[in-house]
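A quick write-up on the structure given underneath.
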Amino acid sequence: MIDRHQVGARALEHIRHLSVDIGPRGAGTEGERRGAEYAADRMKEWSQGVQIEPYRAYTTLTWPWGLVGLLLAASGALIWLSPLVASILATANLPIYYFVASGRRDIGVIFPKRASRNVVGKVPARGPGATPGSDGEAGRDREGGRAGLRRVVFLAHVDTTRASLLYAPKALKNLRMTHIFNMVSVLALFALSLTGLWAEGLLASPADAAARATAGYVLLGDRIVASVFGLIAAYGLGVLAHRELLMPHVHGANDNASGVGLALAVSEYFAGHPLETTEVWCVVTGSEETGYPAGAGRFVAAHLKELQDADILVLDNLGAGDLRYLRAEGIILPMRMDAGLMALARKVAERHPDWKVRDSVCNLGYTDATPALAAGLRALALWAEGPDGLLVNYHWPTDTFENIDARTVEQAAAFVLEIVEAIDRGEDRIRA
C-alpha cells in the first residue's frame, strides 16, 4: 500500500507502463486488452474482488461520423436527380446527427463490433454501519440524506484513438467551428431538400408560367447550395478515410493513461486508508474514443441501480496543463454536471489558489460522464487544459510519456483525494 505523498508517483508508474510498455491501445485491439489486463492485475493487489465485464462495441468514431457525412454527401448529390430521395436521406440524418453529436444514445447497433471490456475493482469503507441496503443501493435516511454506505465511482477509459488531421496542433483550435459547420450542414440540407421537393412539385403542376419560373430558380439554387454542402461533406469523408488508412493510434499518455493511472493510484491509497462510510469503485472502461463512450454506457446500464446514489468522478486527460472541473459536456445540447459536485470541486480548488483550478466546458466531444448524466446520475468530469484552453497533445502522436507533466499529475492526485474525502464528510450535497 502507498502513503498519501506517494499517490502521484504511483500514478506516474501506471502512466508509463500503459503508454510506453503497452503503447497504443485502440478500441477493440490487443493493446486495449493488455491495458485492461494490466488494470485488473493492479486491482487484484488491493481490491476486494475484481470484475471483468466483457461487451462488444464498434471501434472507431469514423463509423458514426462517417455515416453522418455520407448522408450529407448523398443528399447534396441526389438532389439533382431526385429531391424526394434527397429529402428522405436528409430527414434520416437528423436523428442520427442528434444522437451522435449529443451523446444521448449509442447508434452502434448498425456498425461492426469487436470485443472490449470494463474492469471494476472495489475498496470497502471501514466505518460502523457501512453496509449496503438490502437492495444493493446506498442507504438513505428519512430526509433523503445518506445513511450507511456511500459510494464514489472513478471512471477512466484505457483506450486511445487514431490521430487525425482534424487534431493537428494548428487545426485543433478550429475543431469547434467544424462541429458547428456540421450542424449547419445537416439542418441546411434538410431544408434545401424540402424546398427542392416543393419546387419540383410546382414545376410539374399546372401553375402559371411566373410561378413555374420562380420554382425553377428556387430548385436550381437549392441544388447548387446543396452541392456545395455535399462536396464539403465528401472532403470530410476523405479526412476520415485518411485517418483510418494512414494515421496511427496514439500512445495516449495524457489521453488517457493519466486518468487510469490516477484512478488506480488513488483507489490503492484508499485501500490502505479506508474512508469512514464511503466505498470506492475503480472502473477502467474501454471503447471511449469511438464517437460514443460505449464502455461507460455498458457499465452504467449494468449497474444503474447501484449507481443511483453514487458520486461518479470521471478522470480524463490529467497529465499536462492546469486542472479543470467541467460544468457541462457535449457537442450540441450539452449536459450539465452535478451541481453539488461542482460546488465541492470549487470549494476544494479555493483552498489551493496556486493550482489555478477553475471550471470549463467540453464542447469538442464528451467524456465517460455522458452516459451517467443521460441516466440522471450524479457525475463530475475532471481534466486539465493548456494555456490555449485546449487539451494538451490532444489525439496527436505527441501524446507520449515524455510530455507528461509530473506537477499536473501530483496536483490531480491531491485534488481527487481531497474531493473524495470531502464526499465522505458529506460535503457534496448542496444544502438549502
Place a point 7 Å from the Cα of Leu304 in the direction of its beta carbon; the residues of region 359-373 whose amide N falls under 12 Å from it are 372
Any idea what log10 I(q)/I(0) is at q = 0.13 Å⁻¹ for the chain, Debye with uniform C-alpha scatterers and no solvent?
-1.05
Using a 10 Å cut-off around each Cβ, can you sort Leu155, Leu333, Leu61 from fewest to most neighbouring Cβ atoms?
Leu333, Leu61, Leu155
Under 5 Å between amide hydrogens, which residues at least 5 positions from Gly28 or on another chain qualify, with H placed 1.01 Å from N in the peptide plane?
Ser287
Give the span of region 1-100's Cα atoms along each principal axis, as three whole-Å numbers ordered largest to smallest.
68, 26, 26
If the cut-off is 28 Å between C-alpha atoms, which lysines fall inside it for Lys170, apart from same-chain ones fewer than 8 positions away?
Lys356
Work out the charge dipole of region 217-326 with +1 on the Cβ of Lys and Arg and -1 on the Cβ of Asp and Glu about the Cα centre, then indicate which of Tyr217, Met247, Ser287 is farthest towards its positive end.
Tyr217
For the chain, with the dipole built from +1 on Lys and Arg beta-carbon atoms and -1 on Asp and Glu ones, taken about the Cα centre, which of Leu149, His5, Ala328 lies farthest toward the positive end?
Ala328
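Counting helices only, and only those DSSP H runs with n ≥ 4, report the 222 nm mean residue ellipticity of the chain as the sum of -39,500 (n - 2.57) divided by its residues, in deg cm²/dmol to the nearest 500.
Details: 11 runs with 189 residues, N = 432.
Computed ellipticity for the chain at 222 nm equals -14500 deg cm²/dmol.
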With only Lys, Arg, Asp and Glu charged, each at its Cβ (+1 for the first two, -1 for the last two), find how big the charge dipole of the chain is about the Cα centre; round to the nearest 20 debye.
600
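To the nearest 20 Debye, how big is the dipole of region 10-82 about its Cα centre, given +1 on the beta carbon of each Lys and Arg and -1 on that of each Asp and Glu?
Values: 8 positive and 8 negative charges, 15 e Å.
That gives region 10-82 a dipole magnitude of about 80 debye.
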The set of residues whose placed amide H lies less than 5 Å from the amide H of Glu279, leaving out same-chain residues fewer than 5 positions away, is Ala125, Arg150, Arg151, Val152
If you plug each phi of region 364-370 into the Karplus form 6.51 cos²θ - 1.76 cosθ + 1.60 with θ = phi - 60°, what whole-Hz ³J(HN,Hα) values come out, in order, with x for Gly and Pro?
9, x, 7, 10, 5, 6, 4
Ordered by residue, what ³J(HN,Hα) values in Hz, to whole numbers, does region 79-85 give under the Karplus form 6.51 cos²θ - 1.76 cosθ + 1.60, where θ = phi - 60° and Gly and Pro are x?
4, 6, 9, 8, x, 5, 5
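Quick one: if the Förster radius is 22 Å, what FRET efficiency do Leu165 and Asn363 give, using the C-beta to C-beta distance and rounding to 0.05?
It comes out at approximately 0.65.
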How do Asp428, Asp106 line up, fewest other C-beta atoms within 10 Å first?
Asp106, Asp428
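Over the chain, calculate the relative contact order: mean separation of alpha carbon pairs under 8 Å at least 6 apart, over the residue count, as a percent. Don't skip to the answer; put the middle values down first.
On the way: 926 pairs, mean separation 111.3, N = 432.
It comes to 26 percent, rounded to a whole number.
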Any residue on another chain or 5+ positions along whose placed amide H is under 5 Å from the amide H of Ala381 is listed here as Val314, Leu326
Computed label-point distance, nm, for sites Leu202 and Glu402 using a 7 Å Cα→Cβ extension:
6.3
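Since every read-out is calculated from the coordinates, none of them should be taken as a lab result. On a predicted model such as this, the values are computed, not experimentally measured, just so you know. A quick note on method: Cβ atoms are made from the backbone with ideal geometry, for glycine too, and the neighbour counts reach across all protein chains shown.
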